[in-house]
Amino acid sequence: MKKKSSVVFSVLLAAAFVFGLGACASKEKTAGGPEANRAKEAKQPMAQGTVEVQPSAEDLKRQQEEETARQQREELERVRQEEAAKAAAAAALAPEKLEKVYFDFDKYEINETYRAALERDAATIKDHAGVKVVVEGHCDERGTEEYNLALGERRAMAVKAYLVTLGVSDGQLYTISYGEERPVDNGHNEAAWSKNRRVQFSQE
């Protein structure tokens, strides 16, 4: 009887063992099922699934064209502003309002009488550094045309040199001689001639 009970117990024990193995296998299978896979995928960073999209050749070309157009617009605007600033400075300078310098007959040295006037002219010109100023040399009608052109040039150069010593930029001043060609008084006497022996200013 004992032997039979022992056999039955052994059989039951074996059956329980087999059943336990089956349950474990089932749990492992369940744990490794679709739900587990989805949970595992959910835990993975999204960055791992991100694909960087490179711009196409057309996109690159369009971007380059847009950048070129933008640079051109900026350059045009810069030039426009510079021209506007020059125009405003030129209008404000009014070279014809700069004081004239008069000379003795056949002379090009600056008379002390006009040095104060040139100091005021220099201050005005320096305040308009972007403006080019023409220093014009003139003579009366006496003497040959060639001689008066040379004399007018010496007068203009003398005034320019003095303005430079007062701080005006050399590159801002240009000289020209008109000799006897542009008198302000067409008379033929000393009163007219004294007005024509002069240096005056204009704008380039």
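Here, each number is a calculation from the coordinates, and none is a lab measurement. Note that the structure is a prediction, hence the values are computed from the model and not measured. Here the Cβ is made from the backbone with ideal geometry for all residues, glycine too, and neighbour counts use every protein chain on show.
One table, with the values for the structure above:
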{"item": "Linear extension gain, Ala116 paired with Thr165, 0.36 nm per residue minus alpha-carbon span", "result": "16.3 nm"}
{"item": "Dipole magnitude of region 105-158 about its Cα centre (Cβ charges: Lys, Arg +1; Asp, Glu -1), debye to nearest 20", "result": "260"}
{"item": "Val164, Val79 arranged by Cβ crowding within 10 Å, fewest neighbours leading", "result": "Val79, Val164"}
{"item": "Neighbour net charge for Phe201 - beta-carbon separation under 15 angstrom, K R +1, D E -1", "result": "+2"}
{"item": "Burial order of peptide ranges 167-179, 128-140 (average beta-carbon count within 10 Å, highest first)", "result": "128-140, 167-179"}
{"item": "Order by protection proxy (mean Cβ within 10 Å, highest first), peptides 54-61, 153-160, 183-190", "result": "153-160, 183-190, 54-61"}
{"item": "Ranked Phe201, Phe105, criterion: other C-beta atoms within 10 Å, fewest first", "result": "Phe105, Phe201"}
{"item": "Within region 94-203, percent of DSSP bridges classed antiparallel, to nearest 5", "result": "55"}
{"item": "Likely footprinting exposure, Ile110, Ile125, fewest C-beta neighbours within 10 Å first", "result": "Ile110, Ile125"}
{"item": "Fully extended contour minus Cα-Cα distance, from Gln72 to Asp59, at 0.36 nm per residue", "result": "2.7 nm"}
{"item": "Gained length - Glu83 relative to Tyr147, 0.36 nm times residue gap less alpha-carbon distance", "result": "19.1 nm"}
{"item": "Square roots of 5 times each gyration tensor eigenvalue, C-alpha, region 57-197, largest first, Å", "result": "46, 16, 13"}
{"item": "Cβ crowding within 10 Å averaged over residues, with 68-76, 142-150 ranked highest first", "result": "142-150, 68-76"}
